[in-house]
Amino acid sequence: MAHQSLYRRYRPRRFGEVRGQQHLVDALRNAVIEDRVGHAYLFSGPRGTGKTSTARILAKVLNCEAPIDGEPCCECASCLSVESGTSFDVHELDAASNNGVDNIRDLISRAALGTPGRTKVYILDEVHMLTAAASNALLKILEEPPDHVVFVLATTDPQKVLPTIRSRAQHFEVTLLPAADLEALVDFVVADAELELSAAGRAHVLRVGGGSARDTLSALDRVVAAGGVPDDDGDAVDELVEALCGRDTARALIAVENALARGRSPRVLGEALIARLRDVFLAAVGAPLPRLTEADRTRATDQAGRLGAVGATRALEVLGDAFVGIQDALDPRIPLEIALVRLTRADADISVAALADRLARLEQGGPSRGAPEGPAPRGAAAAAARPRTEPMADAGAEPPAEPVVDAAPAAAPAAAADRGVSTDDPEDLPIPPIPAGGSPADGAREMLRQRSGSARPAARPAASAAPSRPATRPAPPRPAGRRQPAPETPATGASAPESAGEAAPTPPPSPTPAAPAVAPVGGGTPPDLATLTERWSTSVLPSLSQRARPRFTAGRWLAIEGTEAVLGLPNAPHAARCEELRPEVEAALSAAFGTPLTLRLAVDGAAVDPGDRRAMAGRRAEPVEEEILDSQTIAELDDAVDVAASGVDRVAAMFPGAELVDDPEP
């Protein structure tokens with residue numbers, strides 16, 4: 001006798017032999033026993049799960065001469081003819097190749113003819129392949145067939161079947177077989193056929209079967225014929241998953257090369273990898289895996305623990321995107337290899353999903369493989385980058401008894417001094433690091449705290465000056481949320497404060513340009529008012545810093561009283577802001593005239609107010625009510641000038657040999 005494939009030799013003959021589809025078997029057996037068999041059935045599900053075999057069993061029992069408890073006897077002439085395929089009562093039609101409207105018309109014309117048995121059964125495989133015209137032609141007879149006709153439709157894609165056909169049939173869905181049922185089937189076939197199968201071969205057969213009874217028996221046929229486990233892409237898939245878990249790019253590329261060298265298609269290899277990653281993802285989220293054997297479930301759980309649900313999800317997304325356009329690629333393996341490189345090297349992928357994966361690994365305390373590591377910070381910058389709760393101790397010094405929580409404000413100016421940045425202005429302070437366990441908002445609040453702590457002290461009141469005309473209304477207070485610029489430092493620069501428990505190195509002098517530190521020269525005579533006015537505009541005022549020059553431009557010299565010069569300013573707020581820079585102007589005047597001169601600021605209504613556009617245009621100022629608005633405008637303009645001057649000073653510090661041209665025009 002010629003050899004017969006195992007899946008044909010061990011095809012189920014009775015309902016009781018069908019494995020894994022108990023819901024379908026019980027429904028059909030009860031319908032036969034109670035004589036409630038429907039005129040049309042639709043079986044849908046994956047391949048090799050028993051759809052056609054169950055339809056043949058139904059045809060046998062409907063024409064069996066001696067059915068037993070809803071099961072065919074499998075001994076009468078009718079049952080034997082159905083099994084051999086010679087029965088006139090059973091007509092099988094492959095709808096994939098007979099999908100035209102003429103084939104369905106021929107079926108309809110023969111349906112009314114009688115047969116030797118009690119019931120005429122039509123089995124239509126792959127019914128979703130029928131054309132639209134053929135499907136519509138089948139509708140009428142499917143809804144009202146002759147009394148002795150039963151239709152059994154089978155498909156692997158029920159969504160493509162017309163809804164009108166599905167509504168005319170009893171629809172049963174068959175599922176993939178659990179691993180336990182397949183193990184029992186393999187053990188039964190091996191024992192009954194007296195085959196030799198190793199443990200490795202048994203695991204291979206069950207893995208290749210993937211829940212399909214026919215695929216499992218076909219794989220068993222191959223293993224028995226080859227005398228062992230054949231060389232397939234299962235090992236390559238295992239290698240690829242292990243490479244993804246270990247972030248090993250070389251291992252992944254070598255596995256792909258070996259699989260392709262054995263003749264595997266990149267797309268088939270990618271599909272197998274995606275199927276395996278799906279099992280890993282389900283294991284990561286704790287979903288049951290009844291299709292997998294115990295060994296495969298253990299392996300998937302172990303890989304899920306290393307890859308994680310986030311890593312498995314990202315791998316599925318990246319591979320899915322790579323295989324969208326693989327058919328159009330010049331070399332199909334390129335998209336697969338690029339996807340594997342992106343999955344195994346974090347620095348090769350800057351997508352949001354990759355960054356989220358790196359953050360998740362960092363939160364778990366593991367290294368983010370593939371990410372470039374930068375040099376470790378040194379000096380004061382390293383001190384500023386330390387967590388705020390970490391004690392800071394110098395080498396050889398005794399560590400503090402408890403963590404120093406205020407080390408960052410002291411380390412920040414030192415870090416700025418190391419970079420050659422002035423620490424006089426709060427804008428120059430570096431952004432402090434985010435505290436350990438904190439959020440970016442905590443770092444922002446710490447930066448605001450440092451800046452508010454380094455704000456300049458309140459200026460001396462302008463009331464000490466003898467005003468020629470009292471201010472009609474005091475200037476309104478500044479809003480609490482505005483930044484207060486830092487006071488101007490002397491030419492010697494500011495030294496960074498020492499942090500607790502650490503001797504901070506003395507920073508270099510601040511590069512911010514300051515007033516010329518010229519020692520007063522004795523022996524000179526104080527200038528008169530005319531000389532002072534002339535020299536002020538030609539030499540003294542241009543020598544002032546970028547912060548002082550715009551503030552004192554609006555001034556007008558009122559008198560010279562011995563060694564004290566009186567400068568008139570538009571209003572009291574302006575005089576208060578100029579008072580902050582008075583030492584710089586005094587030093588410039590003393591250097592210009594060779595004798596110590598002091599400066600007294602007064603409020604002079606005739607002075608030009610730079611914030612009053614009407615006065616700049618030569619018009620008469622409006623009444624007192626609008627002086628408040630002008631004062632606020634002056635304060636806002638002064639803040640803008642401070643920021644601009646700070647930027648100019650930084651540029652001058654960066655390029656010491658460059659000459660900055662001052663353009664007085666706006």
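The values are calculated or read from the model by the stated rules, or taken from the named source; none is laboratory data. Keep in mind that what you see is a predicted model, and the values were worked out from it rather than measured. All Cβ positions, even for glycine, are placed from backbone atoms using ideal geometry, and neighbour counts span all protein chains on display.
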(1) under 26 Å from Ala213 (Cβ atoms); (2) free of Cβ contacts under 8 Å to residues at least 60 places away in the same chain; (3) in a helix (DSSP H, G or I) all hold for Pro288 apart from (3)
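Rundown of residues vs (1) touching an Asp or Glu at 6+ places or on another chain (Cβ under 7 Å); (2) of a type outside the set (A, V, I, L, M, F, W, C); (3) under 14 Å from Leu336 (Cα atoms), yes/no style:
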site	(1), (2), (3)
Val237	no, no, yes
Val241	no, no, yes
Asp248	no, yes, no
Ala255	yes, no, yes
Ala259	yes, no, yes
Arg267	no, yes, yes
Glu271	no, yes, yes
Ala275	no, no, no
Gly286	no, yes, no
Out of (1) part of a helix (DSSP H, G or I); (2) of a type in the set (A, V, I, L, M, F, W, C); (3) within 23 Å of Gly16 (Cα to Cα), the one Ala134 does not meet is (3)
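Select, from Ala134, Ala95, the only residue that is closer than 29 Å to Thr175 by Cα, in contact with a Gly (Cβ under 7 Å, 6 or more places away or on another chain), crowded, with 16+ Cβ neighbours inside 10 Å and touching a residue at least 12 places away in the same chain (Cβ under 8 Å). Let's see the steps before the verdict.
Details: Ala95 fails: in contact with a Gly (Cβ under 7 Å, 6 or more places away or on another chain).
Going through Ala134, Ala95 in turn, just one is closer than 29 Å to Thr175 by Cα, in contact with a Gly (Cβ under 7 Å, 6 or more places away or on another chain), crowded, with 16+ Cβ neighbours inside 10 Å and touching a residue at least 12 places away in the same chain (Cβ under 8 Å): Ala134.
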Q) Right, Val223: β-branched (Val, Ile, Thr), assigned to a helix (DSSP H, G or I) and surrounded by 18 or more Cβ atoms within 10 Å (Cβ to Cβ) or not? A) yes
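Listed here are the residues, each with its yes/no results for (1) without any contact (Cβ under 8 Å) to a residue 60 or more places away in the chain; (2) in contact with a Leu (Cβ under 9 Å, 6 or more places away or on another chain).
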{"site": "Val152", "(1), (2)": "no, yes"}
{"site": "Pro158", "(1), (2)": "no, yes"}
{"site": "Arg166", "(1), (2)": "no, yes"}
{"site": "His171", "(1), (2)": "no, yes"}
{"site": "Pro178", "(1), (2)": "no, no"}
{"site": "Glu183", "(1), (2)": "no, yes"}
{"site": "Val186", "(1), (2)": "yes, yes"}
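From the list Asp248, Asp238, Asp221, Asp215, exactly one residue is closer than 23 Å to Gly270 by Cβ, of a type in the set (D, E, K, R), out of contact with any His (no Cβ under 9 Å at 6 or more places or on another chain) and not assigned by TED's automatic domain parsing to the domain that holds Thr344. Which is it? Even if it seems obvious, please write down each step before you answer.
Numbers: Asp248 fails: not assigned by TED's automatic domain parsing to the domain that holds Thr344; Asp238 fails: not assigned by TED's automatic domain parsing to the domain that holds Thr344; Asp221 fails: closer than 23 Å to Gly270 by Cβ.
It is Asp215.
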Does region 79-90 contain any residue that is outside any loop (DSSP other than H, G, I, E, B), within 58 Å of the chain's Cα centre (by Cα) and among the acidic types (Asp, Glu)?
no
Glu83 vs (1) of a type outside the set (Lys, Arg); (2) surrounded by fewer than 19 Cβ atoms within 10 Å (Cβ to Cβ); (3) out of contact with any helix residue (DSSP H, G or I) (no Cβ under 8 Å at 6 or more places or on another chain): all pass except (3)
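Consider region 25-41. How many of its residues are out of contact with any Asp or Glu (no Cβ under 9 Å at 6 or more places or on another chain) and either within 21 Å of Thr164 (Cα to Cα) or in contact (Cβ under 8 Å) with a residue 60 or more places away in the chain (or both)? Can you show your working first?
First, the residues of region 25-41 that are out of contact with any Asp or Glu (no Cβ under 9 Å at 6 or more places or on another chain): 25-28, 30-31, 34-38, 41.
Then drop every residue that is not either within 21 Å of Thr164 (Cα to Cα) or in contact (Cβ under 8 Å) with a residue 60 or more places away in the chain (or both), which leaves 27, 37-38, 41.
Adding up the residues that qualify gives 4.
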In region 510-536, anything modelled with pLDDT under 85 and within 22 Å of Glu580 (Cβ to Cβ) is listed as Ser510, Pro511, Thr512, Pro513, Ala514, Ala515, Pro516, Ala517, Val518, Pro520
- Tell me, please, whether a residue that is at pLDDT below 85 and part of a helix (DSSP H, G or I) can be found in region 594-612. no
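Condition check ((1) outside any helix (DSSP H, G or I); (2) modelled with pLDDT under 90; (3) surrounded by fewer than 17 Cβ atoms within 10 Å (Cβ to Cβ)) across all residues:
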| residue | (1), (2), (3) |
| --- | --- |
| Phe281 | no, no, no |
| Asp296 | no, yes, no |
| Ala300 | no, no, no |
| Gln303 | no, no, no |
| Gly311 | no, yes, no |
| Leu316 | no, no, yes |
| Ala353 | no, yes, yes |
Restricted to region 22-42 and to residues being part of a helix (DSSP H, G or I) and β-branched (Val, Ile, Thr), the residue farthest from the chain's Cα centre (by Cα) is Ile33
Taking region 162-211 and keeping residues within 21 Å of Arg8 (Cβ to Cβ), touching a Ser or Thr at 6+ places or on another chain (Cβ under 6 Å) and not in a helix (DSSP H, G or I) leaves Val174
Restricting attention to region 318-334, the residues that are in a helix (DSSP H, G or I) and within 24 Å of the chain's Cα centre (by Cα) number exactly 5
Could you go through region 153-160 and let me know if any residue there is over 22 Å from Tyr41 (Cβ atoms) and either touching a Phe, Trp or Tyr at 6+ places or on another chain (Cβ under 9 Å) or assigned to a helix (DSSP H, G or I) (or both).
no
Scanning region 283-294 residue by residue, those touching a Leu at 6+ places or on another chain (Cβ under 7 Å), more than 16 Å from Cys245 (Cβ to Cβ) and at pLDDT 90 or above turn out to be none
If we ask which residues in region 62-78 are farther than 19 Å from Gly38 by Cβ and either free of Cβ contacts under 8 Å to residues at least 12 places away in the same chain or not in a loop (DSSP other than H, G, I, E, B) (or both), their number turns out to be 6
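Among the residues of region 550-565, which ones are part of a strand (DSSP E or B) and buried (at least 22 other Cβ atoms within 10 Å of the Cβ)? Break it down into steps so the answer makes sense when it comes.
First, pick out the residues of region 550-565 that are part of a strand (DSSP E or B): 556-561, 564-565.
Hit for region 550-565 is Ala565, nothing else.
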All-but-one check, Gly568 against (1) surrounded by fewer than 17 Cβ atoms within 10 Å (Cβ to Cβ); (2) at pLDDT 85 or above; (3) touching a Leu at 6+ places or on another chain (Cβ under 9 Å), failing number (1)
When restricted to Val101, Val121, Val127, the only residue buried (at least 21 other Cβ atoms within 10 Å of the Cβ) and either modelled with pLDDT under 90 or in contact with a Ser or Thr (Cβ under 7 Å, 6 or more places away or on another chain) (or both) is Val127
